[in-house]
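**Student:** Let me begin by handing over the structure; questions about it come next.
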Amino acid sequence: MAAALHAGGSTSASGDGEAPPPPTAGRRRGGWITTPFIIASVAGLTLAAGGWMNNLIVFLIQEFNIKSINAAQISTVVFGCSNFFPVLAAILADSFLGCFSVIWISSLISLLGLILLVLTVTVDGLRPPDCETGSSFCANPSRIQYAILFAALALVSMGLGGTRFTLTTIGANQFNRLKHQTTYFNLYFFTLYFSSFISATGIVYVEDNLSWVWGYGICIAGNMMGLAMFLAGSRFYYRDKPQGSPFMSLARVVVACVRKRNAGVSSESANYYYGDADGVKGAVEEAPTKSFRILNRAALKTEGDVLPNGSISKPWKLCTVQQVEDLKSLIRILPLWSSSILLSTPIGIQGSLTVLQALTTNRHLSHRFQIPAGSMTVFTLISTAVSLTLFDHFLWPMWKRVAGKNPTSLQQIGVGHVFNITSMAVSAIVELKRRAAATSHHLQGGLMSILWLVPQMVIVGIGEAFHFPGQVALYYQEFPTCLKSMATALVAMQIGVAYYLSTAVVDFVRRVTEWLPDDIDDGRVDNVYWLLVVIGVFNFGYYLVCSWLYKYKNVHQSVSES
């Protein structure tokens, strides 16, 4: 769900992209003619990704005889990778290849990964012999089988990370009017959520009740359709040209500051370099801000820094004031960014443990139908989608009537923290009931219904509807101009760090406690959830301090955002 929200959020981050050029050679590029191809590609690739991702833990347990907690750990690492790769894809798109090339190459990579996954369930030698799930006599995968499995998971993760953000960027860049961009964003959101719902229910059901071959076969078909539809519209797309890595100019500030470490800091604006505006009549030249004054040395002009024509003689010794201020903006917002890591960490742990809990419950809704354990994320998906709709049409207008202005991004994120902590507390209480039911099952019969796990998923979904859009809006508004296209990709990076941190937390708990044995009925998963509540409370306090100290770069925009 987090990935879906970030993908949607990144579209708005691209809203200020370069406008499509005028008609060339009798054919106009960009505009609505490109939308069917891009939306069809989003639908196909989302179906393919959701089909393998939502049921990954069950796949590892049933087909590779991997112990439950280890399967959850592997799944978390894979999810983390899929959220790191968007940053790499954004850098490649901005600096070297452009969005179009990154998308079709990533789609092809994910297709190769899915083919490998299909081979693992069709070729007997690529997976351990079948045995009863949970049996102590199940054979472990061999090194070759692990190598092929991890190669497949790496490929599908790279493919997912390389397409999701760049698809939203290239779609937004086809329009130069805000009204058209907004309509496209709404269509993109609908497609993303609808496709995610289908994959989390239909494809997962096929995998659980028919076969993994059929389920992964559908994923391959969806991936192929997405790739084919994207390439079919290639002659209509407006393609942005690579502009170089935005991190290079920030690195130059650090290097220039070190090289001028012995220079004094001046308060006179005339002593600093402003780039194109430097020396231009009527140009407004303000001295660098006083915060992080040590960085101002990077823009301080010394003898030999500027050529007679006004250009820089040594780029790694002198920077513009704007480049210095960009780095300062990034430094100021990093504490807030870091607080979101421990906001997403409990969500990653909860998602994995909920699947393991679901496997031990009564999943039957009728005599013939039972809810697949891997489909539990659909309740978070629905909760977030419904909440976003209610917020836009009811909550935010009501908030504005009462408070006189829309809620700020920081306020939205803060409310999301509270819902996240509440969800972990509810998870702990429900786990107590589930464990008691599982303990008495052999004596009385009857497991706890899976529907008891729904409230915690709904609450965390409501929290996501608050804090994820709030993060996207905050970072896009407050990040330096040179990093606008990277702002929401760094949200994905934050989630990736959180997933890796969640594996570290689970590993630590397994080492120092007996709360997470292979059979969770013999453990204390409720204590894990209470630990997440404690972590959430401390992190919320850290967030409140950071938000109290933070000053919006654009106060008017921050209070009028919708």
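The values are calculated or read from the model by the stated rules, or taken from the named source; none is laboratory data. Quick caveat, the model's predicted, so the values are computed rather than measured. Cβ placement follows ideal geometry from the backbone for every residue including glycine, while neighbour counts extend to all protein chains displayed. Each accessible area value is taken on the protein alone, full model and side chains, heavy atoms only, with ligands, DNA and RNA left out. Shrake-Rupley method; radii C 1.70, N 1.55, O 1.52, S 1.80 Å.
**Student:** Could you grab me the full set of residues in the range 500-517 that are assigned to a helix (DSSP H, G or I), closer than 14 Å to Gln350 by Cβ and either among the polar types (S, T, N, Q) or touching a Gly at 6+ places or on another chain (Cβ under 6 Å) (or both)?
**Tutor:** Within the range 500-517, Ser502, Thr503 qualify.
**Student:** A further question on this structure: Sort out which residues of the range 403-430 are crowded, with 16+ Cβ neighbours inside 10 Å and not in a helix (DSSP H, G or I), and write them in order of number.
**Tutor:** Of everything in the range 403-430, those that are crowded, with 16+ Cβ neighbours inside 10 Å and not in a helix (DSSP H, G or I) turn out to be Asn406, Pro407, Thr408.
**Student:** Considering only the range 391-428, state which residues are without any contact (Cβ under 8 Å) to a residue 24 or more places away in the chain and in contact with a helix residue (DSSP H, G or I) (Cβ under 7 Å, 6 or more places away or on another chain).
**Tutor:** Hit for the range 391-428 is Pro407, nothing else.
**Student:** Does Ser142 satisfy the criteria of being farther than 23 Å from Asp507 by Cβ and over 29 Å from the mean Cα position of the chain (by Cα)? Walk me through it before giving the result.
**Tutor:** On the way: farther than 23 Å from Asp507 by Cβ: yes; over 29 Å from the mean Cα position of the chain (by Cα): yes.
Against the criterion (farther than 23 Å from Asp507 by Cβ and over 29 Å from the mean Cα position of the chain (by Cα)), Ser142 qualifies.
**Student:** Being modelled with pLDDT of 85 or more and either of a type in the set (Ser, Thr, Tyr) or in contact with an Asp or Glu (Cβ under 8 Å, 6 or more places away or on another chain) (or both) narrows it down to one residue among Phe37, Phe64, Phe59; which is it?
**Tutor:** Phe59
**Student:** Out of all the residues in the range 519-543, which are β-branched (Val, Ile, Thr), open to solvent by 40 Å² or more (accessible area, probe 1.4 Å) and in contact (Cβ under 8 Å) with a residue 12 or more places away in the chain?
**Tutor:** Hits for the range 519-543 are Ile535, Val537.
**Student:** Moving to a separate point now. Looking at Lys400, Lys433, which is the one that is in a helix (DSSP H, G or I), of a type outside the set (A, V, I, L, M), more than 30 Å from Leu334 (Cα to Cα) and open to solvent by 40 Å² or more (accessible area, probe 1.4 Å)? Reasoning before the result, please.
**Tutor:** Working: Lys400 fails: more than 30 Å from Leu334 (Cα to Cα).
Within the list Lys400, Lys433, the selection yields Lys433.
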